[in-house]
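Single-structure report; data block below.
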Amino acid sequence: DSSKVVTSMTITLLPPPSPEPALPATTVRENTGNGKTGSRMARVLAILQTEPERLWRAREIAELLGDVTLVATYRQLARWTERGMIKRVRMGRYTAITQTTSPLRDLRKR
């Protein structure tokens, strides 16, 4: 409970973080197809499933896609979350839905 006299202080200046990559100003429509192998949905699922435990930021997903604006990415992720295709863990963080298996019941024990 006593005061201490500060006799010196060291200040370290860190370099600024590298700038985030620029996202496109418009969304490329041909990659939004439904059910196609190259559809944006299939690409997002593939990204999320590469690291199923990771909490992906919408911006990271948009950067990896490279053909969609951040606003469109938020809209699509929200739509796919509502449909149960992906999981929103918290604000702006998404992950793949992992398949859980439940043990089979023994139907003979009725």
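The values are calculated or read from the model by the stated rules, or taken from the named source; none is laboratory data. Note that the coordinates shown come from a computational prediction; the quantities given were computed from them, not determined experimentally. For neighbour counting, all protein chains shown are included, and Cβ atoms are generated from backbone atoms with ideal geometry for every residue, glycine included. Ligands, DNA and RNA are excluded from the accessible area calculation, which covers all protein heavy atoms including side chains. Shrake-Rupley method; radii C 1.70, N 1.55, O 1.52, S 1.80 Å.
Determine which single condition THR101 fails, assuming it passes every other condition in (1) more than 18 Å from ALA25 (Cβ to Cβ); (2) modelled with pLDDT of 85 or more.
It is condition (2) that THR101 fails.
In the set GLU60, GLU82, which member is open to solvent by less than 90 Å² (accessible area, probe 1.4 Å), at pLDDT 90 or above and of a type in the set (Asp, Glu)?
Selected residue: GLU60, the only one of GLU60, GLU82 that is open to solvent by less than 90 Å² (accessible area, probe 1.4 Å), at pLDDT 90 or above and of a type in the set (Asp, Glu).
Quick check on my filter: what residues within the stretch 63-75 are out of contact with any Lys or Arg (no Cβ under 7 Å at 6 or more places or on another chain), surrounded by 15 or more Cβ atoms within 10 Å (Cβ to Cβ) and outside any loop (DSSP other than H, G, I, E, B)?
Selection gives GLU63, ALA72, THR73, TYR74.
Name the single residue, out of those in the stretch 1-41 being modelled with pLDDT of 80 or more and surrounded by 13 or more Cβ atoms within 10 Å (Cβ to Cβ), that is farthest from TYR94 (Cα to Cα). Step through it out loud before you land on a result.
Taking the stretch 1-41 first, the residues modelled with pLDDT of 80 or more are 2-19, 26, 39-41.
Checking the rest, the ones that are also surrounded by 13 or more Cβ atoms within 10 Å (Cβ to Cβ) come to 39-41.
Details: SER39: 18, ARG40: 15, MET41: 13 Å.
This residue is SER39.
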